[in-house]
1. What number of residues within the stretch 92-107 satisfy the criterion of being touching a helix residue (DSSP H, G or I) at 6+ places or on another chain (Cβ under 7 Å) and farther than 16 Å from L64 by Cα?
2. Just to be sure before I move on: is T44 of a type in the set (S, T, N, Q) and more than 26 Å from P236 (Cβ to Cβ) in the structure I sent?
3. Can you find a residue that is out of contact with any helix residue (DSSP H, G or I) (no Cβ under 8 Å at 6 or more places or on another chain), assigned to a helix (DSSP H, G or I), hydrophobic (A, V, I, L, M, F, W, C) and in contact (Cβ under 8 Å) with a residue 24 or more places away in the chain anywhere in the stretch 83-91?
4. Quickly run through the stretch 131-155 and pick out the residues that are out of contact with any helix residue (DSSP H, G or I) (no Cβ under 8 Å at 6 or more places or on another chain), open to solvent by less than 20 Å² (accessible area, probe 1.4 Å) and within 16 Å of A45 (Cβ to Cβ).
5. Give the number of residues within the stretch 121-172 that are in contact (Cβ under 8 Å) with a residue 60 or more places away in the chain and either aliphatic (A, V, I, L, M) or on the phi > 0 side of the Ramachandran plot (or both).
6. What tally of residues in the stretch 75-103 results from selecting those that are under 25 Å from E37 (Cα atoms) and surrounded by fewer than 20 Cβ atoms within 10 Å (Cβ to Cβ)?
7. Test F55 against the criterion of being under 27 Å from H41 (Cβ atoms) and either assigned to a helix (DSSP H, G or I) or open to solvent by 10 Å² or more (accessible area, probe 1.4 Å) (or both), and give yes or no.
8. For residues in the stretch 1-35 being outside any strand (DSSP E or B) and among the charged types (D, E, K, R), which is least open to solvent (accessible area, probe 1.4 Å)?
Amino acid sequence: MFNPIFGPLKSRRFGWSLGIDVSGQAKQCNFDCLYCELTAHKPTARMQNVLPPDFLLNALKRALEKITTPLNVLTTTANGEPTLYPHLKELIIGMQALVPSGVQTLILSNGSRLGVPEVQEALMHYNMVKFSLDAVCKKVFSRVDRPHKDLSLEKILNGILDFAQKYRGFLVAEVLLVAGVNDSEAHIKDLASFLRRVPNLARVDLSTIDRPPAYKAKPLETTKLQELAAHFQDLPLSLPQRVLEQTQVQSTKEAFLELLRCRPLSVEEARCYLNIAELQELQKTGLLQIKQVGQMHFYYYT
């Protein structure tokens, strides 16, 4: 049976995270981003397969009872876009009674539906909201985020401004740059200018591809990323760096493979879950393959 809970994972931006996948095994997203680590898939305007909220909450409760690693966040995410989930408000309200002391609730969104009233109502219950913003120009937006045909960039940008005006939690904007696509100096200046208009913005995470993408997209060199960061002056800018984590997480080979289905792990990250001999044994079975992104190597589920 599909398990919607995955992790804990060490996020370079939010610490130790336990993920709640509201999408299920099928990718359900209104974007098909050039850099996405998930399998390429045609964008959809709504979820076709909807998991019952009780199923997600019961799975979360069982997972939390077994967790020994200290957590920083409970992360609502998806094999796609979590704000497409029609029971999001019911889910986050139900989660309140399960959240361990000192743990924050977080949702990772592509930002496309922040202006939708029912989505706003749900997001108000989260301690942290992260939205993506890769483009503020229609042509660039189409190239990098590959959105559903019914989406309007203008409405998305207005929705972000409207939500940010109302939200009182920790609001994070993520800008992910793809070499030769959305990294021109002129576009970066326009993007930074828009972010300066976003009220109550707690942090801007500027990054590039660091996991195997679905399409032939290339990351920026570190020096180029740092040069472009200069255009985000006067904004609460962060350049998240992948930190090698030595903490050991209790895991089995089966649980590790389930984790890889959700997210590729660097060779160093994988050693937090299994020892070298166990990883080599899985490689020999053909269940794992290694891909290189930039200067890092990742285990990828085959």
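1. So the count comes out to 1.
2. Working: of a type in the set (S, T, N, Q): yes; more than 26 Å from P236 (Cβ to Cβ): yes.
Yes.
3. yes
4. Of everything in the stretch 131-155, just one residue is out of contact with any helix residue (DSSP H, G or I) (no Cβ under 8 Å at 6 or more places or on another chain), open to solvent by less than 20 Å² (accessible area, probe 1.4 Å) and within 16 Å of A45 (Cβ to Cβ), namely D145.
5. Qualifying residue count, the stretch 121-172: 6.
6. Matching residues across the stretch 75-103 total 1.
7. Details: under 27 Å from H41 (Cβ atoms): yes; either assigned to a helix (DSSP H, G or I) or open to solvent by 10 Å² or more (accessible area, probe 1.4 Å) (or both): yes.
Considered against the rule, which asks whether it is under 27 Å from H41 (Cβ atoms) and either assigned to a helix (DSSP H, G or I) or open to solvent by 10 Å² or more (accessible area, probe 1.4 Å) (or both), F55 comes out as yes.
8. Taking the stretch 1-35 and keeping what is outside any strand (DSSP E or B), we get 1-4, 12-14, 22-27, 29-30, 32-35.
With among the charged types (D, E, K, R) added as a condition, the list becomes 12-13, 27, 32.
Working: R12: 76, R13: 57, K27: 22, D32: 7 Å².
So the residue we want is D32.
The values are calculated or read from the model by the stated rules, or taken from the named source; none is laboratory data. Remember, predicted model here, so these are calculated numbers, not experimental data. Glycine gets a Cβ as well: all are built from the backbone with ideal geometry, and neighbour counts include every protein chain shown. Just so you know, the surface numbers come from the protein's heavy atoms only, side chains and all, with ligands and any DNA or RNA stripped out. Shrake-Rupley method; radii C 1.70, N 1.55, O 1.52, S 1.80 Å.
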